[in-house]
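A quick write-up on the structure given underneath.
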Amino acid sequence: MNVRSSLSLDHLDRLTDSTGLIQHAIYSIPRRESGYTTDDNARALRLCARLWSEHPDERMLTRVTCYLSFLEHARCPVRGFHNFLSFQRDWLDAAGTGDCQGQAVLALAEVLASPLPDGYLALARELINAVLPALADLRSLRAQAYIIQAWSHLRRADVDDIETIENVARLAADRLVECYYRSQRPDWPWFESRMTYANAVLPHALFNAAERWPDEAFLAVAESSFGFLDLVTTADKVFWPVGNRDWYSHGEEKSLYDQQPVEAATMADAALAALKLRGDDKYLAIFLRAHGWFHGHNSLEQLLADAEVGACFDGLEPTGVNRNQGAESTLAYLWTELHSFSAQQALSARTKTAIPSG
C-alpha cells in the first residue's frame, strides 16, 4: 500500500484553526488555552510541504499556507523566531528557544527545496536569511542538529546559494563532535552527561555531515553514538525510549516512562538517514522497531496510532497510554508513517516482505 496516498490528516485539520496548529488536546479535542508553538507549526509545515511536493493539490497548499504564514508571523524583531503564542494571539516569550530556531529552519528548508509556488520559496529563503546571524550563536545541541539536517536537505535538492548555511552547519557538526569527545566515557559514548529528549537527532545530523565530509570524524561519531542509543532503547525486542519522567543520566537507571512519540519519530528518521548512507540492514531493523512502537510493538503492547484519522496518543505511562492527542505526538506519528513507505521499498528490495501495518 502507498502510505503517502493513504495518510489521513483529519486530526491535524481538527487541531488547526485560522491562526495555526494548536499545541495540545484534551483527548481528541483541541485545548485552546495551550495556544500555539512555532515548534509544532514548523513540524506541520515540513510534513505538508513534503506531501504537497509528492501530490500537489489545493487542500494541501492551504495547509502549507497556514503554517508558513505562522512562521512569518513568528519572526522576532530582535532575532530568530518567537515560540509561544497564546490563543489570544499574544507572544509569550521575548525570543524563541534554541530548538525552535532549528525546527523553523528545518521546515523552511523543506519549503525552499520543494516545487511550491515562487512566492512560498521566496518567503522561505527570506526567513532563513533573516535568522542566519542567530544560527551560529545557538547553544542548543538539538537546534544545531536541526540546522545540519536543514542544510543537508537543501544540498541534496541542489538549492542554489546555500554557502552561508553550509558554513553554519559545518561549525555545528564540529561542535557536536567536540561535545561527544568531551562527554564520552568507556561506557557512555554520548554527547551529553544524560540522555533527554529527541536524542536521535544528534547522530542523525552527523550522518548528514558525513555525507558531505566523509574524511572527517563525523561518521565514526555518528555510528558509535547511534549504536549506543539503539542499545539503550532496545529491550525485549521492542523500541523502549528514554522516558521523560527522569531522563537517563550517566551512572543512573534509565527512566522507563513517560515514553514520548517524538523519540520514536526521531529514531526512525535517523535510522533511515543511516540506511541511505551506509546501506546496512541493521538500520532498517532499527527503523522497523521505532515504527512499530506506534502500532503496539512497545513495552505495554498498546496501540498509540489512530490511522483512520491520523492521530496519536501523547505517550506511554506506567499504567497505559496518555489518551490526549496533541500536535507534537500526531506529527511524530504522521512523519514516521510517511517515511515507512521508503522503508517498505528498502525492505522489499532485501526480503520481498512488506512492513507490518498497524
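If we scan region 196-208, do we find a residue that is hydrophobic (A, V, I, L, M, F, W, C) and either open to solvent by 30 Å² or more (accessible area, probe 1.4 Å) or part of a loop (DSSP other than H, G, I, E, B) (or both)? I'd like the intermediate steps shown before the answer.
Within region 196-208, the subset hydrophobic (A, V, I, L, M, F, W, C) is 198, 200-202, 205-207.
From what is left, the residues that are either open to solvent by 30 Å² or more (accessible area, probe 1.4 Å) or part of a loop (DSSP other than H, G, I, E, B) (or both) are 198, 200.
Within region 196-208, one or more residues are hydrophobic (A, V, I, L, M, F, W, C) and either open to solvent by 30 Å² or more (accessible area, probe 1.4 Å) or part of a loop (DSSP other than H, G, I, E, B) (or both).
In region 100-119, is there at least one residue being part of a loop (DSSP other than H, G, I, E, B) and within 23 Å of Glu178 (Cα to Cα)? Among the residues of region 100-119, not one is part of a loop (DSSP other than H, G, I, E, B) and within 23 Å of Glu178 (Cα to Cα), which makes the answer no.
Condition check ((1) modelled with pLDDT of 95 or more; (2) in contact with a helix residue (DSSP H, G or I) (Cβ under 6 Å, 6 or more places away or on another chain); (3) within 25 Å of Arg32 (Cβ to Cβ)) across all residues:
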| residue | (1), (2), (3) |
| --- | --- |
| Gly279 | no, no, no |
| Leu300 | yes, no, no |
| Leu304 | yes, yes, yes |
| Leu331 | yes, yes, yes |
| Phe341 | no, yes, no |
| Gln344 | no, no, no |
| Ala349 | no, no, no |
| Ser357 | no, no, no |
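Condition check: over 15 Å from Ala124 (Cβ atoms) and either open to solvent by less than 20 Å² (accessible area, probe 1.4 Å) or assigned to a loop (DSSP other than H, G, I, E, B) (or both). Does Thr19 satisfy that? Considered against the rule, which asks whether it is over 15 Å from Ala124 (Cβ atoms) and either open to solvent by less than 20 Å² (accessible area, probe 1.4 Å) or assigned to a loop (DSSP other than H, G, I, E, B) (or both), Thr19 comes out as yes. Does at least one position in region 41-50 carry a residue that is free of Cβ contacts under 8 Å to residues at least 24 places away in the same chain and either in contact with a Gly (Cβ under 9 Å, 6 or more places away or on another chain) or open to solvent by 10 Å² or more (accessible area, probe 1.4 Å) (or both)? Within region 41-50 (the criterion being free of Cβ contacts under 8 Å to residues at least 24 places away in the same chain and either in contact with a Gly (Cβ under 9 Å, 6 or more places away or on another chain) or open to solvent by 10 Å² or more (accessible area, probe 1.4 Å) (or both)), the answer is no, since none of the residues qualifies. Among the residues making up region 170-210, those that are of a type in the set (D, E, K, R) and either touching an Asp or Glu at 6+ places or on another chain (Cβ under 7 Å) or within 24 Å of Ala264 (Cβ to Cβ) (or both) are Glu192, Arg194.
For the condition open to solvent by 10 Å² or more (accessible area, probe 1.4 Å), at pLDDT 95 or above and touching a Gly at 6+ places or on another chain (Cβ under 7 Å), Tyr146 qualifies. Cβ-Cβ distances below 6 Å connect the following pairs, each with a first residue in region 157-186 that is within 18 Å of Gly227 (Cα to Cα) and modelled with pLDDT of 95 or more, a second residue that is surrounded by fewer than 17 Cβ atoms within 10 Å (Cβ to Cβ) and of a type in the set (S, T, N, Q), and a separation of six or more residues or different chains: Ser183/Ser193. Considering region 77-120, the residues that are of a type in the set (A, V, I, L, M) and more than 18 Å from Leu47 (Cβ to Cβ) include one that is surrounded by the most Cβ atoms within 10 Å (Cβ to Cβ), namely Leu85.
Kindly indicate whether any position in region 52-74 is β-branched (Val, Ile, Thr), under 18 Å from Ser34 (Cα atoms) and either in contact (Cβ under 8 Å) with a residue 12 or more places away in the chain or crowded, with 17+ Cβ neighbours inside 10 Å (or both). No. Taken together, the residues in region 123-140 that are over 13 Å from Thr164 (Cα atoms), modelled with pLDDT of 90 or more and of a type outside the set (Gly, Ala, Ser) amount to 3. Examine region 291-302 for a residue that is open to solvent by 30 Å² or more (accessible area, probe 1.4 Å) and in a strand (DSSP E or B), and state whether such a residue exists. No. Restricted to region 209-252, and to residues that are of a type in the set (Asp, Glu) and on the phi < 0 side of the Ramachandran plot, which residue is most open to solvent (accessible area, probe 1.4 Å)? That would be Asp215. Checked against (1) outside any loop (DSSP other than H, G, I, E, B); (2) modelled with pLDDT of 95 or more, Arg4 passes all but condition (2).
Scan region 254-269 and tell me whether some residue there is modelled with pLDDT of 95 or more, hydroxyl-bearing (Ser, Thr, Tyr), within 26 Å of Gln103 (Cβ to Cβ) and in contact with a Gly (Cβ under 6 Å, 6 or more places away or on another chain). Break it down stepwise before answering.
We begin by selecting, within region 254-269, every residue modelled with pLDDT of 95 or more; these are 254-269.
Imposing the further condition that a residue be hydroxyl-bearing (Ser, Thr, Tyr) reduces the set to 255, 257, 266.
Now drop any that are not within 26 Å of Gln103 (Cβ to Cβ), which leaves 255, 257, 266.
Keeping just the survivors that are in contact with a Gly (Cβ under 6 Å, 6 or more places away or on another chain) gives 255, 257.
Yes - at least one qualifying residue is present in region 254-269.
The values are calculated or read from the model by the stated rules, or taken from the named source; none is laboratory data. What you see is a predicted model; the values in this text were computed from it and never measured. All Cβ positions, glycine included, derive from the backbone under ideal geometry; neighbour counts span all protein chains shown. Quick note on the areas: whole protein, heavy atoms, side chains included, nothing else; ligands and nucleic acids left out. Shrake-Rupley method; radii C 1.70, N 1.55, O 1.52, S 1.80 Å.
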